[in-house]
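First comes the structure, then the notes that go with it.
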2 protein chains.
Amino acid sequence: MEVVRHAKELQHRADELRAAGRRVALVPTMGALHEGHLELVREARRKADVVWVSIFVNPTQFGPNEDLTSYPRTFEEDCSACTWEGVDLVFAPNPEEFYPEGCQTWVEVSELSQPLCGATRPTHFRGVSTIVPKLFLAAKPHIAVFGEKDFQQLAIIRRLTRDLCFDVEIIGVPTVRESDGVALSSRNKWLDGKRRPQATALLHALDAAELAVRAGVKEVFQLDEIVAKELAMAKDAQVDYAEFRDPETLEPILHELNGPVLLALAVFFPVPGDKGPDRVRLIDNRVLPAGAARIPRNTKSNTRSTNR
Amino acid sequence: MEVVRHAKELQHRADELRAAGRRVALVPTMGALHEGHLELVREARRKADVVWVSIFVNPTQFGPNEDLTSYPRTFEEDCSACTWEGVDLVFAPNPEEFYPEGCQTWVEVSELSQPLCGATRPTHFRGVSTIVPKLFLAAKPHIAVFGEKDFQQLAIIRRLTRDLCFDVEIIGVPTVRESDGVALSSRNKWLDGKRRPQATALLHALDAAELAVRAGVKEVFQLDEIVAKELAMAKDAQVDYAEFRDPETLEPILHELNGPVLLALAVFFPVPGDKGPDRVRLIDNRVLPAGAARIPRNTKSNTRSTNR
């Protein structure tokens, strides 16, 4: 398996492959590859002839007080994993090439970048929506594969791909989980023995909300209570957000569900010791189904939800 | 000559041409083609096997009080001119395709978009730097050709092309002028018989500044006076800006020249009657040479400029 460092070289290879009628899939990553990333690679392999993985810890998607310096860098192991999975090429650009001297071009996806993670990390998605076009333009892939764990990121990438006329098909892959249901993340490694079990609260909250929706609960305030109760089981967790949103526009659903809805969660856990960041932020999400039709109550009712 | 309306179709053709090893040049325009545009087409023809002209009056580069509605639209004539010049294809996208429902992705080139025309037209360059990537992604050209008349626009496009890793070579073509030296512009048509002759003041100002620089003048305040005097000859002109700037970064040169310098001019002229805009804004520019070496004065001097 090869490692390519320069965009120009990658573009040249992309042109040759495209000319030969071969489909290229790109899996953009920041390295620290885990089973979740490898699932993206396998999906890429199913959909394309050639699989490229990019490994680039993108500085502009980290805020000033975030974990850029402590973000795990495991390039050798990542390359081994890629070789094992049959990846054809790893693209590991030099930061100076992706952010050359005087670099000042930003791609922004305005509305979708504001809520949820964007509220806590104000410049994060500007970094994401700027680096993804660079990766697409360097690799010229037919398809690009991203995890659904980063749901908002995926929505933003779908949007910019359409808005800018990128000739790239975006594929989302379901979240891969540990055996206890915690979503895989390179940041899980910072959880100590006391907090790691508490991280299951996110999945329990998603499960409880889905159960309620399937049972016919449509009022968001009721679902909020169910979610809050589950998250409260994680004693050390500080909830960043737990919100019901439109899965495409990410607009808030405040009162009553009337279709599939995204439940998006983010919590902070403290990280003891001084070897890593002060705290770690975990996210998880699920698109809940439209819900079971409610059995009409056999009484007069003026609630708007009946029979919806 | 063909007219293509959909990005997908153009991308398909671009892929085929690239696979066949043919070089594609794109000439992006807003239509209302004049000899200046046709010079871009000829330069494209010299550099590539296939020449595509895009015609799209981009709404996002017009401000709320600007001339979007009155901007000349001459599609039939433009196509005839393209046919005559041997253009292979005109790309005339539907606005709904370039700005689909929910479109919210913007490309911004931060510093270069601020001064000069950016100061007077605060959202103009955001529109330019957003539409150009769409055109590049739709046409996938090897080269793209722009006029040097829009010097700041060209600097911004060069910058975003490099910053975003576009595999496109940007070519600048010198300004084409009327016989009296006025730079060609689709907006010249709004000048009446009284103002049209006054428009030559821009070129006279550029000439006078160049003459002074070649004669050894390096102090910007002196050059400012020379330029102001020439522009004042146009009795009805309202000067928007007349500035000396670094040709690459567009940073202001305030005191003394020490290398090639951009002189950029913009003036408004009133437009009588009610058939067009209220006023028209003309721009012109020149990169002045580094200047003649000054003959050292035969006196003690501590000025920094001596012998530079």
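The values are calculated or read from the model by the stated rules, or taken from the named source; none is laboratory data. These figures come from a predicted structure and were not determined experimentally. Cβ coordinates were reconstructed from backbone atoms using ideal geometry, including for glycine residues, and neighbour counts include every protein chain displayed.
Going by the structure shown, is A:Glu169 under 22 Å from the mean Cα position of the chain (by Cα), outside the structural domain of A:Arg23 (by TED's automatic domain parsing) and under 24 Å from A:Ala155 (Cβ atoms)? In short, no. Scanning the range B:83-120 for residues that are crowded, with 18+ Cβ neighbours inside 10 Å, closer than 27 Å to B:Gly276 by Cβ, within 20 Å of the chain's Cα centre (by Cα) and in contact (Cβ under 8 Å) with a residue 60 or more places away in the chain returns B:Leu116, B:Cys117.
Restricting the first member to the range A:269-285 and to residues that are over 23 Å from A:Leu206 (Cα atoms), and the second to residues that are at pLDDT 95 or above and small (Gly, Ala, Ser), no beta-carbon pair is closer than 8 Å while six or more apart or on different chains.
Checking each residue in the range B:74-98 for being within 14 Å of chain A (Cβ to nearest Cβ) and of a type in the set (Asp, Glu) picks out B:Glu96, B:Glu97. Of all residues in the range A:162-219, those being more than 30 Å from B:Gln11 (Cα to Cα) and part of a helix (DSSP H, G or I) number 23. Residue count for the range B:173-187, restricted to those that are closer than 11 Å to B:Ile283 by Cβ and not small (Gly, Ala, Ser): 2. Apart from one condition, B:Arg23 fits all of (1) surrounded by 19 or more Cβ atoms within 10 Å (Cβ to Cβ); (2) in contact with an Asp or Glu (Cβ under 9 Å, 6 or more places away or on another chain); the exception is (1).
Among the residues of this structure, A:Glu248 does not count as one that is over 18 Å from the mean Cα position of the chain (by Cα) and either among the acidic types (Asp, Glu) or not assigned by TED's automatic domain parsing to the domain that holds A:Lys275 (or both). Of all residues in the range A:104-122, exactly one satisfies the criterion of being more than 13 Å from chain B (Cβ to nearest Cβ) and of a type in the set (Ser, Thr, Tyr), namely A:Thr120. Kindly check whether there is at least one residue in the range A:230-238 that is part of a helix (DSSP H, G or I) and touching a strand residue (DSSP E or B) at 6+ places or on another chain (Cβ under 7 Å). Yes, some residue in the range A:230-238 is part of a helix (DSSP H, G or I) and touching a strand residue (DSSP E or B) at 6+ places or on another chain (Cβ under 7 Å).
Any residue that is at the interface with another protein chain (Cβ under 10 Å from one of its Cβ atoms), surrounded by fewer than 20 Cβ atoms within 10 Å (Cβ to Cβ) and outside any strand (DSSP E or B) - is there at least one of those in the range B:148-160?
No, the range B:148-160 contains no residue that is at the interface with another protein chain (Cβ under 10 Å from one of its Cβ atoms), surrounded by fewer than 20 Cβ atoms within 10 Å (Cβ to Cβ) and outside any strand (DSSP E or B).
Selection within the range B:132-147: residues that are within 11 Å of chain A (Cβ to nearest Cβ) and among the small types (Gly, Ala, Ser). The member of this set that is farthest from B:Arg45 (Cα to Cα) is B:Ala138. Pairing each residue of the range A:8-35 that is hydroxyl-bearing (Ser, Thr, Tyr) with any residue that is not in a loop (DSSP other than H, G, I, E, B), provided the two are 6+ apart or on different chains, yields C-beta distances under 9 Å for A:Thr29/A:His37; A:Thr29/A:Leu40; A:Thr29/A:Val53; A:Thr29/A:Ser54; A:Thr29/A:Ile55; A:Thr29/A:Asp78.
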